[in-house]
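The values are calculated or read from the model by the stated rules, or taken from the named source; none is laboratory data. Just so we're clear, the structure is a prediction, and the values are computed from it rather than from any experiment. Don't worry about glycine lacking a Cβ; one is built from the backbone with ideal geometry, like all the others, and counts go over all protein chains shown.
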Amino acid sequence: MNMRTAEIVRNTNETKIKVAINLDGTGKQSLNTGVPFLDHMLDQIVRHGLIDIDITCDGDLHIDDHHTVEDVGISLGQAFAKAVGDKKGILRYGHAYVPLDEALSRVVIDFSGRPGLEYNIPFTRSHIGRFDVDLTREFFQGFVNHALVTLHIDNLRGFNAHHQAETVFKAFGRALRMALTEDPRNAGVVPSTKGVL
């Protein structure tokens with residue numbers, strides 16, 4: 001099996017980010033974005049995707065969390081694109097439904113080589129603690145644009161905003177895990193009639 005790992009360093013005037021991932025990990029993490037709720041959500045990806053992720057970010061949090069959350073999504077997307085490589089042998093598609101008490105979310109992903117986000121989370125309040133729920137979309141848009149994936153996110157029900165977000169990130173982790181699974185019956189083959197993704 002090829003080592004599906006990547007490291008990304010992204011420095012701007014707004015954020016300085018380092019990301020290291022291992023797509024074939026065991027759920028190890030070191031998360032220090034400066035945004036505690038984002039760290040909590042990234043931990044869901046790690047644990048439910050069995051993807052090792054190490055992220056540090058020094059962002060302009062004195063302004064607000066926007067640049068940090070968006071740029072972490074961008075950097076993580078770049079790392080996934082690099083680690084997955086030519087996509088030979090992967091299942092390509094992944095999906096998951098995840099409940100948490102009253103909340104239920106569905107996430108479907110396609111490592112299509114084309115960025116596309118369909119996003120439907122009707123959050124029941126504007127903030128989870130100090131975290132602005134609008135930033136959830138910014139994270140996923142940044143990821144999609146740079147991982148070059150098609151991603152459909154639907155929170156199907158829920159009234160607790162924390163539960164709504166957590167089910168989405170857990171389902172995202174599970175969908176990633178499925179899509180990135182290597183199928184030995186398809187080893188060395190790009191899963192597309194085009195022959196390239």
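What to note about this one:
- Test: residue in segment 122-132 that is under 12 Å from the mean Cα position of the chain (by Cα), closer than 23 Å to Leu156 by Cβ and either basic (Lys, Arg) or buried (at least 19 other Cβ atoms within 10 Å of the Cβ) (or both): no
- Checking each residue of segment 86-109 against the condition of being in contact (Cβ under 8 Å) with a residue 24 or more places away in the chain, part of a strand (DSSP E or B), over 16 Å from Asn155 (Cα atoms) and touching a Phe, Trp or Tyr at 6+ places or on another chain (Cβ under 6 Å) gives no match.
- For segment 86-121, a residue qualifies if it is among the small types (Gly, Ala, Ser), buried (at least 16 other Cβ atoms within 10 Å of the Cβ) and at negative phi, and the qualifying residues are Gly94, Ala96, Ala103, Ser105, Ser112.
- Residue within segment 35-44 that is over 14 Å from Phe143 (Cβ atoms), modelled with pLDDT of 95 or more, of a type in the set (D, E, K, R) and surrounded by fewer than 16 Cβ atoms within 10 Å (Cβ to Cβ) present: no
- Filter pass, Leu180 being crowded, with 18+ Cβ neighbours inside 10 Å and at pLDDT 95 or above: yes
- Selected residue [free of Cβ contacts under 8 Å to residues at least 60 places away in the same chain, under 23 Å from Thr136 (Cβ atoms) and buried (at least 22 other Cβ atoms within 10 Å of the Cβ)] from Ile55, Ile63: Ile55
- Residue within segment 111-129 that is acidic (Asp, Glu) and either closer than 24 Å to Ala6 by Cα or assigned to a helix (DSSP H, G or I) (or both) present: no
- Qualifying residue in segment 24-31 (condition: buried (at least 22 other Cβ atoms within 10 Å of the Cβ) and modelled with pLDDT of 95 or more): no
- Just so you know, in segment 66-85 the residues that are farther than 16 Å from Thr15 by Cα and not small (Gly, Ala, Ser) include one that is surrounded by the most Cβ atoms within 10 Å (Cβ to Cβ), and it is Phe80.
- Just so you know, in segment 1-43 the residues that are of a type in the set (Asp, Glu) and either in contact with an Asp or Glu (Cβ under 8 Å, 6 or more places away or on another chain) or outside any helix (DSSP H, G or I) (or both) include one that is nearest to Val133 (Cα to Cα), and it is Glu14.
- Checked against (1) more than 25 Å from Asp71 (Cβ to Cβ); (2) modelled with pLDDT of 95 or more, Val168 passes all but condition (1).
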